[in-house]
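Just below is one structure, and these are the notes that go with it.
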Amino acid sequence: MTKQKLYKVRFRDIASIDDYYLNYDTSSRHWSIDSVLENRIFQTTFTKKELEESGFGWVFDSQLTEVLELL
């Protein structure tokens, strides 16, 4: 079985701090921009398929975002 790559999405030029990452709140099922920290409620790593199916496929081609591939 092939393991899918995981990504974090950082929004550029919002402010000078680094807490501008795409988050998914697993309890309320809402997306937001917040901290890079992941826990049992906030998901911050995603497969390409998850991003595309949620309407965030555009982040891979946008100058407004930096998509970080995790090893």
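The values are calculated or read from the model by the stated rules, or taken from the named source; none is laboratory data. This structure is a prediction, so every number in the text was calculated from the model and none was measured. Using ideal geometry, Cβ is built from the backbone for each residue, glycine included, and neighbour counts are taken over all protein chains shown. Each accessible area value is taken on the protein alone, full model and side chains, heavy atoms only, with ligands, DNA and RNA left out. Shrake-Rupley method; radii C 1.70, N 1.55, O 1.52, S 1.80 Å.
For the reader, a short list of remarks on this structure follows.
- Qualifying position, being open to solvent by less than 60 Å² (accessible area, probe 1.4 Å), touching a residue at least 12 places away in the same chain (Cβ under 8 Å) and over 9 Å from the mean Cα position of the chain (by Cα), among Tyr20, Tyr24: Tyr20
- Of the residues making up the range 64-71, none is in a loop (DSSP other than H, G, I, E, B) and either open to solvent by less than 100 Å² (accessible area, probe 1.4 Å) or modelled with pLDDT of 95 or more (or both).
- The numbered conditions (1) open to solvent by 90 Å² or more (accessible area, probe 1.4 Å); (2) free of Cβ contacts under 8 Å to residues at least 40 places away in the same chain; (3) not charged (D, E, K, R) are all true for Ser32 except (1).
- Elements of type strands (runs of 3 or more DSSP E) contained in the range 1-59, each with 1 or more residues being closer than 21 Å to Leu71 by Cβ and in contact with an Asp or Glu (Cβ under 8 Å, 6 or more places away or on another chain): 6-11, 21-25
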